[in-house]
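The values are calculated or read from the model by the stated rules, or taken from the named source; none is laboratory data. Fair warning: this is a prediction, and the values are worked out from it, not measured in the lab. Here Cβ is always computed from backbone atoms with ideal geometry, including for glycine, and neighbour counts include all displayed protein chains. Surface accessibility is based on the protein's heavy atoms, side chains included, excluding ligands, DNA and RNA. Shrake-Rupley method; radii C 1.70, N 1.55, O 1.52, S 1.80 Å.
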Amino acid sequence: MKNKIYLSSPHMGGSERNYVTNAFDTNWIAPLGPNVTGFEKDIETYLGNKSNVAALSSGTAAIHLALILLDVSKGDEVICQSMTFSASANPIVYQGATPIFVDSEPETWNICPLHLEEAIKDRIKNGKKPKAIIAVHLYGMPYKVDEVIAISKKYEIPIIEDSAEALGSTYKSQNCGTFGDIGVLSFNGNKIITTSGGGALVTKNPDVKQKAIFLATQARDTAPHYQHSEIGYNYRLSNICAGIGRGQMEVLDNHISLRRQMNAFYQEIFHDIEGVSVFTEKSKDLFSNHWLTCILINQQKIGFSPSDLRIHLASLQIESRPLWKPMHLQPVYKEAPYYGKNISEKLFATGLCLPSGSNLTNEGKNRIKIGIQDFLNKYL
Ligand SMILES: *Cc1c(COP(=O)(O)O)cnc(C)c1O
């Protein structure tokens, strides 16, 4: 049996172990310590733009704290890109608020500015101005930042920038994660760098960072005893995990270049194939880390569906996966309002994510290439 090739698996650089060993040697096995502050500094330096970073236990926790910091509470409405991972939307419900889902546009697959504005106008007409906009850089592809910011400014609604999949991506040369009123990163096991599990909240305001850390560490007032005037959470990253993160930051740029090479690898495989297109940047303003490379399949033209190819690859121990199923199609969100047409639905029906890890060997890449070409040959 051949080893399975995964969509995206952890890829250690080498020095992670030194940071973790150091944490053991100094007995900093806690949700604070030098690796946590070191990791935060590393990300702040990387992102630039006067970023302040609070390291947290997950990207989901970062989105939850972002909503709390923007004062989202029971009965409020929050706009969210429909085509995304459920973690973008679930924290809205944790707060007792209602998600209002918005369709994607076809160029970046992210929140459509036209439908975003339509949604805001209609919600205001219905009597409630949305409290925040959650926009996502899906698969590492930046959303239409200028357009979304213009709408945010026009209606004075803050943006939570879900950059969980887009660390290292840029829009007009500025790092993703630094555009929103609050930015969100994830270091889950499948992301471009990982701490096994972890996330971060990004803000230009150092007071917001301190407030995030306060809420993430059980909202303890300054007193010798344990005193609380607010509800807190246990959302801080541990010093062990942060040690892995410090090692991973040393290899982030290398991972980006390897993931981008995977995108080029698929572009070459599908170059002459009419009916299959590889998702890539359609404008010079966009630079994607290509966290995952996805393809769109025109079944009428080529004769097979995304699931035909997926099942074929699975028989070769090669993982592939449909695109994110839009939230407005999820059973759990069937009651939530939705604004848009069927762009995200079409993407979901015709797309497939292919193995994109930065640690794929030449042998693995060959297996993928031959596996895809053998399959294509049946239809050409
Ligand atoms: C992974 C991910 C998250 C959540 O991050 P976790 O660290 O897994 O909690 C949020 N949004 C998107 C788009 C993601 O891909």
Subject >> Selected residue [surrounded by 15 or more Cβ atoms within 10 Å (Cβ to Cβ) and either in contact with a Lys or Arg (Cβ under 7 Å, 6 or more places away or on another chain) or assigned by TED's automatic domain parsing to the domain that holds PRO355 (or both)] from ARG260, ARG236 >> reply: ARG260
**OP:** Determine which single condition PHE101 fails, assuming it passes every other condition in (1) within 9 Å of the ligand (Cβ to nearest atom); (2) farther than 30 Å from PRO31 by Cβ.
**Re:** (1)
**OP:** Look through HIS115, HIS11 and report the one residue that is away from the ligand (no atom under 16 Å from the Cβ), touching a His at 6+ places or on another chain (Cβ under 8 Å) and not assigned by TED's automatic domain parsing to the domain that holds TRP291.
**Re:** HIS11
**OP:** Being loosely packed, with under 12 Cβ neighbours inside 10 Å and either under 19 Å from GLN95 (Cα atoms) or of a type outside the set (S, T, N, Q) (or both) is the filter here, so list the residues in region 122-136 that pass it.
**Re:** LYS125, GLY127
**OP:** Name, by its number, the condition in (1) in a loop (DSSP other than H, G, I, E, B); (2) open to solvent by 10 Å² or more (accessible area, probe 1.4 Å) that does not hold for ILE311.
**Re:** (1)
Original post:
Restricting attention to region 62-72, does a residue exist that is open to solvent by less than 10 Å² (accessible area, probe 1.4 Å) and not in a helix (DSSP H, G or I)?
Top reply: yes
Original post:
What pairs come up if the first residue lies in region 267-291 and is under 15 Å from GLY351 (Cβ atoms), the second is at pLDDT 95 or above and of a type in the set (Val, Ile, Thr), and their beta carbons are under 6 Å apart, counting only those six or more places apart or on different chains?
Top reply: PHE270/VAL276; PHE270/VAL278; GLY275/ILE302; VAL276/ILE295; VAL276/ILE297; VAL278/ILE295; TRP291/ILE192
Subject >> Answer residue from region 73-104, given it is in a loop (DSSP other than H, G, I, E, B) and in contact (Cβ under 8 Å) with a residue 40 or more places away in the chain and is farthest from the chain's Cα centre (by Cα) among those >> reply: ASP76
Original post:
Does any residue of region 203-221 turn out to be away from the ligand (no atom under 13 Å from the Cβ), assigned to a loop (DSSP other than H, G, I, E, B), open to solvent by less than 30 Å² (accessible area, probe 1.4 Å) and in the same structural domain as THR84 (by TED's automatic domain parsing)?
Top reply: yes
